[in-house]
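All remarks here apply to the structure that follows.
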Amino acid sequence: MEPKEELLRTPRAAGMAGAVFAVLLAAAIVLVRIAVPAGNPADAKVDPDQRWAVRVALEILPFAGIFFLWFMGALRAQVGDAEDKFVATVFLGSGLVFVAVMFGAGAAAGTVLNEAQPSGFGRHFAYTMMTTYALRVAAVFMFTTSTIGHRLGVFPRALAVLGYFGGLVLLVVASSVPWSELVFPAWALVVSVHILRVGPREPRPSGVTV
């Protein structure tokens, strides 16, 4: 059995990292929406007076990804040997792909922003990577996290249902409904607050599957 100090550290790390990730990603999304208040950012030109908002959002994005990796790692450490290998593989893969695609979308958006005359292709490429791919992979992460959390008793039924519903929203409307991208950071914040509130849990013994 792990020392009590370690048991106390992992849930708090997961909760704090998830909360910081949620705040940073939400801030980046809001800043982009300030620059492009309505509609599809890929079809609209950024107001020159609001370009600072996009630049700040792109500076925030890498830190959001770093804290998400910490959040994901701390959650996986809390589950330990009780995880189902299939679900855990999808959990890990979807989280890593989300970060990779989010970073790619941020890099593409930064390249377009630095162009004297941004191309429509560049805007569409960055927007499609973020909404069509990154947020749909985030939906898979929400599904698997909710499944693991509920089966292990880490999440109450209501929180698991919230994760499934939020994931469904991202799958269906993420690329077409403005502000729907805030569903993911909002869910991560709720999960983080729950982890911080309930405190540490004893890990289940090796060989127990979900």
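Every number here is computed from the coordinates shown, using simple stated rules; none is lab data. Keep in mind the model is a prediction, meaning the values are calculated, not measured. Using ideal geometry, Cβ is built from the backbone for each residue, glycine included, and neighbour counts are taken over all protein chains shown.
For labels at Ala186 and Trp52 in the simple 7 Å Cα→Cβ model, what's the distance in nm?
With each label placed 7 Å out from Cα toward Cβ, I get 2.9 nm.
Amide H neighbours of Phe155 under 5 Å, counting only residues 5+ apart in sequence or on other chains, H built in-plane at 1.01 Å?
Distant-sequence amide H within range of Phe155: His150.
How far is it, in nm, from the label point at Phe63 to the one at Phe103 when both lie 7 Å from their Cα along the line to the Cβ?
For Phe63 paired with Phe103, the spin-label model returns 1.8 nm.
Show me, for the stretch 25-30, the HN-Hα J-couplings you get by feeding each phi into the Karplus relation (A = 6.51, B = -1.76, C = 1.60, θ = phi - 60°), rounded to Hz, glycine and proline as x.
5, 4, 5, 5, 5, 5
What FRET efficiency would be calculated for the residue pair Thr132, Val161, taking the C-beta separation as r and a Förster radius of 22 Å, to the nearest 0.05?
With R0 = 22 Å, the Cβ-Cβ based efficiency is 0.30.
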